[in-house]
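*Asks:* Sending over a structure as C-alpha cells; questions will come in a sec.
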Amino acid sequence: MEEHTVVAVDVAKAVFEVAVSEEAGRVKLHRRLSRGELEVFFAQTRKATVVMEACGSAHHWGRRLESLGHKVVLLPPHQVRPYVTRNKTDRADAKGILEAYRNADIRPVPVKTVPQQALGSIHRFRAGWIAARTAQVNTLRGLLRELGFVIPEGIEKVLPQVRLLVADADSGLPDSLRWTITTACDEIESLGESIRQAERQLEAIAEQTPVVERLRSVPGIGLMTSTALVAFVGAARRFPSGRHFASYLGLTPREYSTGLRHRLGRISKRGDSYLRVLLVHGARSVLCHAKKATTHDRLRTWALALQKRSRHNKAAVALANKLARIVWAVWKTDEGTFVSIPAAA
C-alpha cells in the first residue's frame with residue numbers, strides 16, 4: 001500500500017470492519033477482522049492514514065496504531081453519522097468514515113494519552129459517586145418522610161440526625177428498618193470518603209502538572225475545572241481562538257439565520273456537558289463573591305452590570321463564556337497567571 005492510502009476502521013468490541021481506499025470515493029478493499037487480527041493487519045501494512053470515530057477504545061487503538069508508524073485521525077461520531085446514507089451496517093459505517101474524512105470542515109479529535117484518560121477516569125468516577133450519594137440521601141429522606149420523620153436537606157444534616165434516630169430506641173422507627181437504614185448511612189459515608197480520596201488524587205496530579213496551576217489563576221477556575229479541562233480537552237492550541245473554544249464547550253448562542261435575517265438563540269449546549277457545568281458553577285461562584293466585595297476589577301464589574309440588566313442565570317452563562325475565553329488565552333500562551341485589570345474610575 002502507498003503512503004497516501006486511507007484506511008477507515010469501524011471500531012467495535014470484538015469485530016472490526018476495515019475499508020481501504022487509495023482513490024477518493026472508491027473502496028479498494030473491505031476486511032472484517034477480529035480484535036487479535038487487527039493489530040497484525042496494520043503491522044503488515046505500509047504507513048497509511050487510519051481514520052476512526054472517536055468512540056469507545058478508539059484512543060487506545062489510536063496509540064497502538066501510531067506506535068506502528070501510521071497516522072491516526074479520530075473524527076467526532078455525530079459528524080460521521082450523516083455520511084451513512086442508507087441502512088446502518090459495519091460496511092456502511094466504514095464507508096461513511098472515509099467520506100467524512102474528505103470533509104475539511106470536520107475537526108479531528110486528538111488522540112488522548114494514557115495520563116489524560118486516567119485523569120478523566122478519576123473525574124468520571126467522582127461524578128458517579130456524587131450522583132450515587134445524592135440518590136441514596138434522597139431515598140433515605142423520602143422513605144423516612146413516609147414514616148413521619150422529616151429530615152432537613154443537606155448531607156451534613158442528614159447523617160447525624162438519621163443516626164440519632166436509629167440509636168434512639170423510643171424514636172418510633174420500626175425495628176425492622178434500623179439495620180437497613182444504618183447500612184444506608186454507612187454506604188453514604190463510604191461514598192463520601194471515595195469522593196474525598198478522588199479529590200486528593202486530583203490535587204496530587206495537579207501539583208505535578210504546571211498548566212493546572214496556570215489555569216487555576218483564572219477567576220472561577222478551581223481544581224475540578226482545571227484538571228477536567230486538561231483531561232478532556234488536552235491542548236488549547238488546536239482552537240484558533242477563544243471564541244472557537246467557547247463554541248466547542250457549547251457556551252455560544254445557537255444561530256438560525258437566512259438572507260438578511262440574523263437570529264441568535266440560547267446557547268448550543270454542544271460539547272462535553274460536564275465541562276460546561278463546571279464552568280457555569282465557577283461563574284456563579286465569581287458572581288456570588290463579587291456581590292459581597294467592595295471593590296471589583298473590570299471582569300467582575302462587567303458581570304455585575306450584566307446581572308442587573310438581565311437575569312442571574314443568563315449573566316452566569318455569559319460569564320462562563322468569557323471565562324472560557326480567558327482560559328484559552330492563558331492556556332495557549334503559557335504565560336504566567338491571569339492578572340485582574342482594575343475597573344476604570
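*Asks:* So which residues in the range 20-38 are basic (K, R), assigned to a strand (DSSP E or B) and surrounded by fewer than 15 Cβ atoms within 10 Å (Cβ to Cβ), if there are any at all?
*Replies:* R26, R32, listed by residue number.
*Asks:* Would you mind finding the one in I221, I181, I195 that is more than 16 Å from Y274 (Cβ to Cβ) and of a type outside the set (G, A, S)?
*Replies:* From the options I221, I181, I195, the qualifying one is I181.
*Asks:* Is it true that E66 is assigned to a helix (DSSP H, G or I), under 33 Å from the mean Cα position of the chain (by Cα), at pLDDT 90 or above and among the acidic types (D, E)?
*Replies:* In short, yes.
*Asks:* Same structure, new question: If I ask for residues that are in contact (Cβ under 8 Å) with a residue 24 or more places away in the chain and not basic (K, R), which ones from the range 282-294 would you list?
*Replies:* If the condition is that a residue be in contact (Cβ under 8 Å) with a residue 24 or more places away in the chain and not basic (K, R), then G282, A283, S285, V286, L287 are the ones that fit.
Conditions tested, residue by residue: (1) basic (K, R); (2) within 29 Å of R196 (Cβ to Cβ); (3) open to solvent by 60 Å² or more (accessible area, probe 1.4 Å).
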site	(1), (2), (3)
H60	no, no, yes
R64	yes, no, yes
V80	no, no, no
A100	no, no, no
N103	no, no, no
V109	no, no, no
I130	no, yes, no
T134	no, yes, yes
R141	yes, yes, no
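*Asks:* Tally up the residues in the range 143-165 that are in contact with a Lys or Arg (Cβ under 8 Å, 6 or more places away or on another chain) and surrounded by fewer than 17 Cβ atoms within 10 Å (Cβ to Cβ), please.
*Replies:* The total comes to 2.
*Asks:* To continue, here is another question. G142 - would you say it is without any contact (Cβ under 8 Å) to a residue 12 or more places away in the chain, out of contact with any strand residue (DSSP E or B) (no Cβ under 7 Å at 6 or more places or on another chain) and either more than 28 Å from A206 (Cβ to Cβ) or among the hydroxyl-bearing types (S, T, Y) (or both)?
*Replies:* yes
*Asks:* Scan the range 152-194 for residues that are of a type outside the set (V, I, T), more than 26 Å from R124 (Cβ to Cβ) and in a helix (DSSP H, G or I) and jot them down.
*Replies:* Residues satisfying the conditions are K157, P160, Q161, R163, L164, L165, A167, D175, S176, L177, R178, W179.
*Asks:* Enumerate the pairs (first residue in the range 305-316 and under 15 Å from V286 (Cα atoms); second residue anywhere and acidic (D, E) and at pLDDT 95 or above) with beta-carbon separation below 6 Å, excluding pairs fewer than 6 apart on the same chain, so at least 6 apart or on different chains.
*Replies:* Going by the 6 Å Cβ cut-off, there are no qualifying pairs.
*Asks:* Being polar (S, T, N, Q), farther than 26 Å from G234 by Cα and free of Cβ contacts under 8 Å to residues at least 12 places away in the same chain is the filter here; which residues of the range 182-211 pass it?
*Replies:* Listed by number, the residues that qualify are T183, S190.
*Asks:* Taking the range 111-126 as the search range and keeping residues that are of a type in the set (A, V, I, L, M) and not in a loop (DSSP other than H, G, I, E, B), which one is most open to solvent (accessible area, probe 1.4 Å)?
*Replies:* V114
*Asks:* From the set of residues in the range 268-299 that are under 30 Å from L75 (Cα atoms) and among the hydrophobic types (A, V, I, L, M, F, W, C), which is nearest to the chain's Cα centre (by Cα)?
*Replies:* L275
Residue by residue, here is whether (1) out of contact with any helix residue (DSSP H, G or I) (no Cβ under 7 Å at 6 or more places or on another chain); (2) modelled with pLDDT of 90 or more holds:
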site: K157; (1), (2): yes, no
site: L164; (1), (2): yes, yes
site: I195; (1), (2): no, yes
site: V212; (1), (2): no, yes
site: P219; (1), (2): no, yes
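*Asks:* Would you call V233 in contact with a Leu (Cβ under 8 Å, 6 or more places away or on another chain), β-branched (V, I, T) and closer than 26 Å to P108 by Cα?
*Replies:* Here the answer is yes, as V233 does meet what is asked.
The values are calculated or read from the model by the stated rules, or taken from the named source; none is laboratory data. Because the structure is a prediction, the values reported are computed rather than measured. When we count neighbours, we look across all protein chains shown, and the Cβ atoms used for this are built from the backbone with ideal geometry, even at glycine. These area figures cover heavy atoms from the full protein model, side chains too; ligands, DNA and RNA do not enter into them. Shrake-Rupley method; radii C 1.70, N 1.55, O 1.52, S 1.80 Å.
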